[in-house]
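Coordinate-derived values only; no laboratory data. Keep in mind the model is a prediction, meaning the values are calculated, not measured. Glycine gets a Cβ as well: all are built from the backbone with ideal geometry, and neighbour counts include every protein chain shown.
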Amino acid sequence: MLKRFFSYYAPYKALFTLDFSAAIIVAMLELAFPIMVQQVVDSILPTGNWSLIIIVSIGLLGVYAINTILHYVVTYYGHKLGTNIETDMRRDLYNHLQKQSFSYFDNRETGKLITRLTSDLFEIAEVAHHGPEDIFITLFTLTGAFILMMTVHVPLAVMTFILVPFIALAVAYFNKRMTQVNTRIYDDLAGFSAGIEASVGGIRVVQAFSNEDYELGRFQQLNQAYRKSKYLFYKMMAVSHSYNYFLMRLISLFALFFGAYFTIQGEISYGDLVAFILFANVFVRPIEKVNTMIESYPKGFAGFKRLLEEMGIRPEVQDSPDAVEVESLKGDIVYSDVSFSYEENQSILDDINLTIKAGETIAFVGPSGAGKTTICNLLPRFYDIDSGTITIDGYSIKDITLNSLREQIGVVQQDVFLFPGTIKENILYGKLDATDEEVYNAVRMANLVDVVEQLPRGLETVIGERGVKLSGGQKQRLSIARMFLKNPPILILDEATSALDTETEQAIQEALDSLSKGRTTLIIAHRLATIKNADRIVVVTSEGIEEQGSHDELIAHEGAYKALYDAQFS
């Protein structure tokens, strides 16, 4: 864990060296003040040499000026180092999340993932900045101050140091307990964030059902759980701080009490006593910092532990070692003995066999939950099959890199997702480097021209989060325009016209028919009127592929398709 943590320092060796070196010099200069006071009291003050006292004071002023500059370096560049490490960790985690398959996100809440990308990493950054320097400076200052105390009077130094082991034991105990508490806090915060994300994201549904009180109750439960975790953390912190405060004041008291005794006995001078008390204050200062370390370090290490757990989850779908890039595919697709299940012992597809010729339009129909969408989702490897093979143009899809495979497949999903931003930005998602002319052609082919022209800023109109300012049909057409712009050789249309009115649906259907020419098209449909002209209709039921053929052939066969057709048009 530590090796992985410190690997993030590698790109910032110069910044770390600057910060660490400045922190060391600051610690050394802190020890210089008691030494100079000792010399003033014992050697210079008895002489009455005021000029020398002025020179020494000016020297101390210079030391403080240097220390001030070094404090700026430690504060600014140290936090800059922590921020850089936090940024790199966030980049790695986000990159890791992007590689995960659909099944990963099926089992996780968005709010919890957002927490991992935000608050978890902020605490880690604090440890990344303060951790190494705090630990080193604490040990260095303790050791340096103790050695200098020993030079003044060995028995007095030992009597003062005798309380340190009790503080060390407290640090070890409270650090372990507070790490456990912080792990619980992070879990509660993740649930808290997920609950907020769900309730705020679904506020229209909440208000439509007048369930504000119910959601407030759920929120209160999450809020109270988070509060209790914070209470427990602060209780542990209060006990730790109080315990350490008492021991540190005992150290100062021991230094004063026993120092006065040895001074009265004539074993040490007044200058030695003053210097020793100052050394004791320097000795106590890093111990006071331990309280801060106990508060922040467990948070950081708990967050980093969660980060490693997340990063340790291997993507279920990834490129094989010998995967190849494909620049273009014709679209000959073959499913051979394909089986798939989302959960163990809950098979969705069992030994599916299907051959689709390049340029053919295939429509999948059947009852909900039979596996129509699943069959299509397996093609771009949104999920990996349990057994069997799927090939395109003779290539197993597992032998093609994910990026190049998905570049060849255009998907218009039933649940349209639009990004915050403008209409143009959302359409450009289909082809990021498209020209304005290409964008306009996509708009025209998706029958979106009238909508765009009626908007105050046309293509530059901001559509709001998830396209909230657009109607369902407009959002669907925008997603279709995005697919038109991508212009892939293989199309998957998952209820692509389901949110359109009859007139618009007909216009879009004509555009889709035009686009489908020369391309392999897989259509998932419940409205059978939209797929009458498909080259082949595949009826999928819980038993698998029950029958396939053209519309007329299946009607004449009087099987499952005929029953669906009669039920819909009776």
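Binned at 10 Å from 0, what are the whole-percent values of the Cα-Cα distance distribution for segment 219-263, short to long?
That works out to 24, 24, 19, 15, 10, 6, 1, in percent per bin.
Using the Cα gyration tensor of segment 39-143, with a ≥ b ≥ c the square roots of its eigenvalues, what is the shape: rounded (a/c below 1.5), prolate (a/b larger than b/c) or oblate (neither)? Spell out each step's value before the answer.
Details: a/c = 6.16, a/b = 4.24, b/c = 1.45.
Prolate.
Averaging sequence separations of C-alpha pairs under 8 Å and six or more residues apart, then dividing by the length of segment 2-311, give the relative contact order as a whole percent. Walk me through the numbers before you get to the answer.
On the way: 285 pairs, mean separation 96.6, N = 310.
So the answer I get is 31 percent.
Students often check this: by mean Cβ neighbours within 10 Å, which of 222-231, 369-378 ranks highest, and how do the rest follow?
Numbers: 222-231: 15.2, 369-378: 20.9.
The densest-packed peptide leads the list: 369-378, 222-231.
Mind listing the phi-derived Karplus ³J(HN,Hα) values for segment 543-553, rounded to whole Hz, using 6.51, -1.76 and 1.60 with θ = phi - 60°, and x for any glycine or proline?
Per residue, the Karplus-derived 3J(HN,Hα) values read 8, x, 7, 7, 7, 8, x, 6, 4, 5, 4 Hz.
Sequence gap at least 6, Cα distance under 8 Å: using those rules, report the relative contact order of segment 333-569 to the nearest whole percent.
Details: 409 pairs, mean separation 63.9, N = 237.
That works out to 27 percent.
If you take every DSSP beta bridge fully contained in the chain, what fraction is antiparallel? Give it as a percent rounded to 5. Intermediate values should be presented prior to the final figure.
Working: 20 of 38 bridges.
If we restrict to bridges inside the chain, about 55 percent are antiparallel.
Of all DSSP beta bridges in segment 333-569, what percent run antiparallel (nearest 5)? Display every interim value, and only then the final one.
Numbers: 20 of 37 bridges.
Bridges in segment 333-569 are about 55 percent antiparallel.
Which is farthest toward the positive dipole end of the chain among 397, 422, 229, measuring Cα position about the Cα centre, with Cβ charges +1 (Lys, Arg) and -1 (Asp, Glu)?
Final value for the positive-end residue is 229.
At 222 nm, what value in deg cm²/dmol follows for the chain if DSSP H runs of at least 4 each add -39500 (n - 2.57) and the sum is divided by all its residues, to the nearest 500?
Details: 20 runs with 357 residues, N = 570.
The helix-only estimate for the chain comes to -21000 deg cm²/dmol at 222 nm.
So between residue 249 and residue 96, what do we pick up on full extension, going 0.36 nm a residue minus the alpha carbon distance?
Values: separation 153, 0.36 × 153 = 55.08 nm, distance 4.88 nm.
Full-extension gain reported as 50.2 nm.
Taking the alpha-carbon distance from residue 532 and a cut-off under 22 Å, which lysines remain once sequence neighbours fewer than 8 residues away in the same chain are dropped?
Once the sequence-local lysines are set aside, what remains near residue 532 is 357, 372, 517, 562.
Roughly how many nanometres apart are two label points built 7 Å out from the Cα toward the Cβ at residue 257 and residue 342?
Going from the residue 257 label point to the residue 342 one covers 7.0 nm.
Does the chain classify as rounded, prolate or oblate by the C-alpha gyration tensor (a ≥ b ≥ c root eigenvalues; a/c under 1.5 gives rounded; else a/b over b/c gives prolate, otherwise oblate)?
Working: a/c = 3.20, a/b = 2.93, b/c = 1.09.
Taking the square roots of the gyration eigenvalues as a ≥ b ≥ c, the chain is prolate.
Taking the Cβ of residue 117 as the center, what net charge do the other residues with Cβ under 12 Å away carry, scoring Lys and Arg +1 and Asp and Glu -1?
Values: positive: 90, 91, 112, 116, 306; negative: 86, 92, 120, 310.
Neighbour charge sum, excluding residue 117 itself: +1.
Quick one: grab the alpha carbon gyration tensor of segment 2-311, order the square roots of its eigenvalues as a ≥ b ≥ c, and give me rounded if a/c is under 1.5, else prolate or oblate depending on whether a/b is larger than b/c. Mind dumping the intermediate values first?
Values: a/c = 3.11, a/b = 2.20, b/c = 1.41.
In terms of gyration-tensor shape, prolate.
Using only Cα atoms, locate the centre of segment 298-334 and the centre of segment 517-570, then give the distance between them in Å, rounded to an integer.
Using only Cα atoms, the two centres lie 36 Å from each other.
Suppose every Lys and Arg Cβ carries +1 and every Asp and Glu Cβ carries -1, with no other charges. What dipole size does the chain come out with about its Cα centre, to the nearest 20 debye? Before the final figure, lay out each step's value.
On the way: 48 positive and 67 negative charges, 502 e Å.
Here the chain has a charge dipole of around 2420 debye.
Taking 7 Å along the Cα-to-C-beta vector as the label spot, tell me the residue 562-residue 527 distance in nanometres, rounded to one decimal.
Going by the 7 Å Cα→Cβ label model, 2.7 nm.
Just going by the charge dipole of the chain, with Lys and Arg at +1 and Asp and Glu at -1 on Cβ, which of 173, 451, 364 is farthest out on the positive end?
Sorting the options by dipole projection puts first 173.
Could you tell me which residue out of 220, 29, 251 lies farthest along the dipole of the chain toward its positive end? Charges go on the beta carbon: Lys and Arg +1, Asp and Glu -1, centred on the Cα centre.
251
Rounded to the nearest 20 Debye, what is the dipole magnitude of segment 2-311 about its Cα centre when Lys and Arg each give +1 and Asp and Glu each give -1 at the C-beta? Intermediate results must be reported in sequence, preceding the final value.
Details: 25 positive and 25 negative charges, 124 e Å.
Here segment 2-311 has a charge dipole of around 600 debye.
Per-residue counts of other Cβ atoms within 10 Å, averaged by peptide: what ranking do you get for 385-391, 104-110, highest first? Don't jump to the answer; show the numbers that get you there.
Numbers: 385-391: 16.4, 104-110: 13.0.
Ranked from most to least packed, the peptides come out as 385-391, 104-110.
Where does the charge balance sit around residue 365 when Lys and Arg score +1, Asp and Glu -1, over other residues with C-beta under 12 Å from its C-beta?
Numbers: positive: 372, 527, 532, 536, 562; negative: 495, 546, 547.
So the environment of residue 365 carries a net charge of +2.
Could you work out the local net charge near residue 316, counting Lys and Arg as +1, Asp and Glu as -1, over the other residues with Cβ closer than 15 Å to its Cβ? Walk me through the intermediate numbers first.
Details: positive: 99, 108, 314, 381, 398; negative: 106, 310, 319, 343, 344, 384, 386.
Overall, the nearby charge balance is -2.
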